[in-house]
1. Out of the residues in segment 216-246 that are of a type in the set (A, V, I, L, M), outside any helix (DSSP H, G or I) and in contact (Cβ under 8 Å) with a residue 24 or more places away in the chain, state the one that is surrounded by the fewest Cβ atoms within 10 Å (Cβ to Cβ).
2. Filtering segment 53-95 down to residues that are in contact with a strand residue (DSSP E or B) (Cβ under 8 Å, 6 or more places away or on another chain) and of a type in the set (D, E, K, R), which residue is nearest to residue 37 (Cα to Cα)?
3. For segment 162-215, how many residues are closer than 15 Å to residue 239 by Cβ, part of a loop (DSSP other than H, G, I, E, B) and among the β-branched types (Val, Ile, Thr)?
4. Any chance segment 137-148 includes a residue that's part of a helix (DSSP H, G or I) and touching a Ser or Thr at 6+ places or on another chain (Cβ under 8 Å)?
5. Is one or more of the residues making up segment 74-81 modelled with pLDDT of 95 or more, farther than 19 Å from residue 42 by Cβ and among the aliphatic types (A, V, I, L, M)?
6. Quickly run through segment 127-149 and pick out the residues that are farther than 20 Å from residue 85 by Cα, aliphatic (A, V, I, L, M) and free of Cβ contacts under 8 Å to residues at least 40 places away in the same chain.
7. Restricting attention to segment 160-215, which residues are acidic (Asp, Glu), under 19 Å from residue 244 (Cα atoms) and surrounded by fewer than 17 Cβ atoms within 10 Å (Cβ to Cβ)?
8. Restricting to segment 127-146, name every residue that is surrounded by fewer than 17 Cβ atoms within 10 Å (Cβ to Cβ) and closer than 18 Å to residue 75 by Cβ.
Amino acid sequence: MATELVPTDEPPGDAPTGDGFRLTDVVPWGRCRAEYLSFFDLLDLAPGPRLLDAAGGPSSFNAEMTDLGFDVVSTDPLYGVSKPAIKGSIELTRPQIMARVRAARERFVWDAIGTPEALEAMRLSAMKLFLEDFEDGLAEERYVDASLPDLPFDDGAFDVALCSHFLFTYSDHRDLDFHLAACRDLIRLAPEVRIFPLLNMDGGESVHLEPVLNALRRDGLAVEVRRVGYEFQRGGDRMLRVTRGA
């Protein structure tokens, strides 16, 4: 989850414009381990691979996975901010985020989550776990203050790189060159990259998706768009998987 812009399925900012939203706020908003495993199609993952969670924001994925014996490093510019400041931002912006969710609830699939109230409770629970883990994670270098497309790790430092609700989601705010540079940085760091979702903020396919796929294929990479067993934003049930040879 990117933190400089709110996630696609809970848009804040100005009033909705048509089916989309104007983004003006700097808002932290996190997801949990169960969601990560579903939208990255990693339900059978066992401890062992070193995982990178790029643009991880205040998600509880790192905390929960670490407790289960996984090796995870998360990056985000949010991690350069103090714990009290992150907590205060969550408390300040939560009502705005949820008001916009309720105003546009037809844009989402509620079968699994049920209600906006259940969604809010799930998100707050994830961010509470993140906050409880944050300072320990900083000390252990599991949370790193860094931004795509220039992450401060050696080539091949990870086995799998993940990026949730940032690339493609913010196509109006990040141009094609940024998307390509970010994808190339991720594949530099890991032989396998997974990105979810592939829709823009308005719920349509990102204008950058096909050019990115074509460019990565020209780089000699294997590119797969895979349907996954997760859909909250309507139509947002596909991820991009990019792999390279050893």
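1. Applying the filter and picking the extreme gives 246.
2. 53
3. 1
4. Scanning segment 137-148, I find at least one residue that is part of a helix (DSSP H, G or I) and touching a Ser or Thr at 6+ places or on another chain (Cβ under 8 Å), so the answer is yes.
5. no
6. Correct list: empty.
7. 210
8. 135, 136, 138, 139, 140, 141, 145 - these are the residues of segment 127-146 that are surrounded by fewer than 17 Cβ atoms within 10 Å (Cβ to Cβ) and closer than 18 Å to residue 75 by Cβ.
The values are calculated or read from the model by the stated rules, or taken from the named source; none is laboratory data. All figures in this text were calculated on a predicted structure; none of them were measured in a lab. Every residue, glycine as well, gets a Cβ built from its backbone with ideal geometry; the counts of neighbours run over all protein chains shown.
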